[in-house]
1. If you go through the stretch 176-212, how many residues are hydrophobic (A, V, I, L, M, F, W, C), in a loop (DSSP other than H, G, I, E, B) and open to solvent by 80 Å² or more (accessible area, probe 1.4 Å)?
2. Exactly one of (1) without any contact (Cβ under 8 Å) to a residue 24 or more places away in the chain; (2) within 16 Å of I180 (Cβ to Cβ) is unmet by A146. Its number?
3. Provide a single number: the residues in the stretch 50-93 that are among the aromatic types (F, W, Y) and open to solvent by 80 Å² or more (accessible area, probe 1.4 Å).
4. Restricting to the stretch 68-107, count the residues that are of a type outside the set (G, A, S) and outside any helix (DSSP H, G or I).
5. Would you confirm, using the coordinates I've provided, whether T122 is modelled with pLDDT under 85, on the phi < 0 side of the Ramachandran plot and either acidic (D, E) or in a helix (DSSP H, G or I) (or both)?
6. Within the bounds of the stretch 34-47, is there any residue that is of a type in the set (S, T, N, Q) and part of a helix (DSSP H, G or I)?
7. Could you figure out which of (1) hydrophobic (A, V, I, L, M, F, W, C); (2) open to solvent by less than 20 Å² (accessible area, probe 1.4 Å); (3) at pLDDT below 95 isn't true of M137?
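The values are calculated or read from the model by the stated rules, or taken from the named source; none is laboratory data. Keep in mind that this is a model prediction, so the values were computed, not measured. Because the Cβ atoms are built from the backbone with ideal geometry, glycine has one as well, and the counts that use them run over all protein chains shown. To get the accessible areas, we keep the full protein, side chains included, count just its heavy atoms, and leave off ligands, DNA and RNA. Shrake-Rupley method; radii C 1.70, N 1.55, O 1.52, S 1.80 Å.
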Amino acid sequence: MTPELPARSAGARTARGGIADTIGAYLIWGVLPLYFLALAPTGAWEVVAWRVLLSFVFCCILLTVMRGWPALIAIVRQPRLLWWTALAGVLIYVNWQTFLIGTLTGHVIETSLGYFINPIFTVLLGVFVLRERVRRMQWIAIGVAALAVVVIVVAYGAFPWIALTLTASFGIYGLVKKQIGAAVDAVSGLTLESFWLIPIAAVTLIIVAQTDGITFGQVSPLHTVLVAGAGIATAVPLLLFAAGTRRIDLSLVGMLQFITPVMQFLVGWALLGEPMPLERWIGFIIVWIAIAVFVADLLLHSRRTRAAAPVDLV
């Protein structure tokens, strides 16, 4: 057996593990609308507040088990990284809150639209912020996606603010995480992001307590367990995503990420019976055309890259 074979086998196992972790994250995100709907009568603001606090608790437990506190302390001593994690925390809070409002007010299909558009918006961020070059087919996909938004606004008569807020918040969150890079590991990053949001969560719970009333621990034992599990339901897919994307190509991540919006669309349309009038179908079909162009470009570029790669002769 040549020395290269064990290395290739190990690389294949690593890639398979990365694919499994990434798909696991997307599958969990895809069914999260059903999980959060099961938390009724808890409202969106209370759910997100508990989500923040319990995610922080869960991450602290993970840091203790994994002996990750020294890494976290090292990050805390770097003000630049702290500010980046604070910004990431604010962005993910906006994303979580918008997603919960959409889910609990009967707009699951619109939340899926936001995540359908997100990869294309990420390309735009790369162009205008990171000065990355965009291929011709990517520009076509961007143009078609923009047309879809116009069609939805004009023909359907409603501005998709939920979808576009989700797109912008998660896209910029990804950009911030790219700026942070490998300097902050996944668990430490989520711990700090949750930590910065604790004051917001506390104020939210105070307001909810004085208006609608806190539901956590007041409905049933099962409801209490489900709400308590929101922290795990939040942290696990984020950690799987971080672990998976480190081990597979970005182009593959880009193609796999459509698992989530497809599942959310099916949940909203087939399971929850949300309306899909002709105008909305037209808008979504245009979005799916943009995605087809986008994925085709990723596949072609990946194939050309592999074909151009030098072959080592042993």
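1. Total meeting the criteria: 0.
2. Evaluating A146 over (1) without any contact (Cβ under 8 Å) to a residue 24 or more places away in the chain; (2) within 16 Å of I180 (Cβ to Cβ) leaves (2) as the failure.
3. Of the residues in the stretch 50-93, 2 are among the aromatic types (F, W, Y) and open to solvent by 80 Å² or more (accessible area, probe 1.4 Å).
4. Number of matching residues: 4.
5. yes
6. Initially, the stretch 34-47 is screened for residues of a type in the set (S, T, N, Q), giving 42.
Applying the additional criterion that residues be part of a helix (DSSP H, G or I) yields none.
There is no residue in the stretch 34-47 that is of a type in the set (S, T, N, Q) and part of a helix (DSSP H, G or I).
7. For M137, the failing item is (2).
Listed here are the residues, each with its yes/no results for (1) out of contact with any helix residue (DSSP H, G or I) (no Cβ under 9 Å at 6 or more places or on another chain); (2) at pLDDT 90 or above; (3) buried (at least 17 other Cβ atoms within 10 Å of the Cβ).
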position: I214; (1), (2), (3): no, yes, no
position: V219; (1), (2), (3): no, yes, no
position: V225; (1), (2), (3): yes, yes, no
position: A228; (1), (2), (3): no, yes, no
position: L238; (1), (2), (3): no, no, yes
position: A242; (1), (2), (3): no, no, yes
position: G254; (1), (2), (3): no, no, yes
position: M263; (1), (2), (3): no, yes, yes
position: G268; (1), (2), (3): no, yes, yes
